[in-house]
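Please treat every number below as a calculation from the coordinates, not as lab data. Bear in mind that the values here come from a model prediction, so they are computed numbers and not experimental data. Using ideal geometry, Cβ is built from the backbone for each residue, glycine included, and neighbour counts are taken over all protein chains shown.
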């Protein structure tokens, strides 16, 4: 069989593995239990906080994440019977409850009161079952009056930051940026010249909210609803309405940016057209228009085009909290080269050589401390050997395809680094041309088994891009002799 055909068969097997891996369904959503907070104030007037905190945290989280809220009532009833109920939950108890009730994430805490400062201290902890540890703690001080509601929102956002950091493997700065920006909120702003224009524009906002909700599980508010939610002072409201009347889109965009609104849509209705001006982080994108009398389908397509072309689409898609967190996604592909050096038995029969390779990795299971995956590698190299007198001795070409299990260990001190340890096995197609006789060239072709043990360090530079350095030991099982190689690899690839 020709070399090209052999390689085609190997590549088809490799591609099948990749497609099967990519088609696997993502892991299920995490079950998040938010327990009642323990009241240690000793004052009956503040008992309402222990039940208000879980609901406030949930409302804040669901605006940013897709997850399943677990029923924690059974745990709370069990804890109420405990002699330690007034002291709160211990880490051992939380570990037990998370396993017994199949919770993936448990949020719990307590609050105390200092009579001298007249301040309460609220402590919230986030426990992850797979990580087998508390992945974040939030501590906030507040007066136990109306100020507590603002603090509850702050606590909720900081909890989100901890989960972002853990589930998406972000650093502190990136997690804080995600927490600070309300990326899943889109504010719709009507602009008008007169009362009739204002009425027409507001009517279009209702259509747009309906169509957007069909496509995105996000929050869509008109500017008037935003005023109410943010308790915007009347003077500011009047100022924004004046800007709307004068079509000062730039000033409106800057004001929304100052309000930490990342996504907005300014809507203007003329006699026969509706103009959509997307504003992303204060910057206006190219406007999209549709006819006033357009069908709902045509309007929906125009609205979706405005969201897509402006870059809002990614912002409006919620991040799912998975049962098992991961570092970015599961499938990666890399191209690279290697240096092959013969060792041991049979080393005198071949030379060192350079080669090229295509490699892939799919991660099946994430245990947080390490991950289990499957690697696949295609390699090819050609080398020539010349005798001491200068005459050609032989030319060896081989093309190998291997696959096998891999253990991935993210470095605890710097999570962009990963250590991979792989055991691979497969086949190698080789063609050996021997120039033993002056008038005759002997040609041998064979398909043999090959095995390899490999260790690799990968550095994820940004997003999915990575580079890797690896060393491996390979053995080709030829009849009569086993060829052994020490192989050194340099790779660059992308993680999908």
### Message
Give me the extension gain from residue 443 to residue 199: residue separation times 0.36 nm, minus the current Cα-Cα distance, reported in nm with one decimal.
### Response
79.3 nm
### Task
May I ask you to derive the FRET efficiency for residue 209 and residue 28 from their Cβ-Cβ distance with R0 = 35 Å, giving the value to the nearest 0.05?
0.70
### Query
How far apart, in nm, are the 7 Å Cα→Cβ label points at residue 112 and residue 154?
1.9 nm
### Message
Over the Cα atoms, compute the radius of gyration (one decimal) and Dmax (the largest Cα-Cα distance, rounded to a whole number) for the range 182-316, in Å.
### Response
13.6, 39
### Task
Quick one: work out the % antiparallel among DSSP beta bridges in the range 182-316, nearest 5.
55 percent
### Length released on extending from residue 407 to residue 490, taking residue separation times 0.36 nm less the Cα-Cα span
28.0 nm
### Query
Using a Förster distance of 25 Å, how high is the FRET efficiency between residue 416 and residue 453, based on the Cβ-Cβ distance and rounded to 0.05?
0.50
### Summary
A correct fewest-to-most ranking of 476, 421 by other Cβ atoms within 10 Å would be 421, 476
### Message
Just to be sure I understand: of the beta bridges DSSP finds with both ends in the range 31-180, what percent are antiparallel, rounded to 5?
### Response
75 percent
#### Entry: Taking 64, 385, 460 and counting other C-beta atoms within 10 Å, the order from fewest to most
385, 460, 64
### Query
Measuring from label point to label point, each 7 Å out along Cα→Cβ, what is the residue 314 to residue 461 span in nm?
1.7 nm
### Query
Listing 97, 46, 290 from the residue with the fewest other Cβ atoms within 10 Å to the one with the most, what is the order?
46, 290, 97
### Query
Roughly what would the spin-label model give for residue 387 and residue 370, points 7 Å off Cα along C-beta, in nm?
5.1 nm
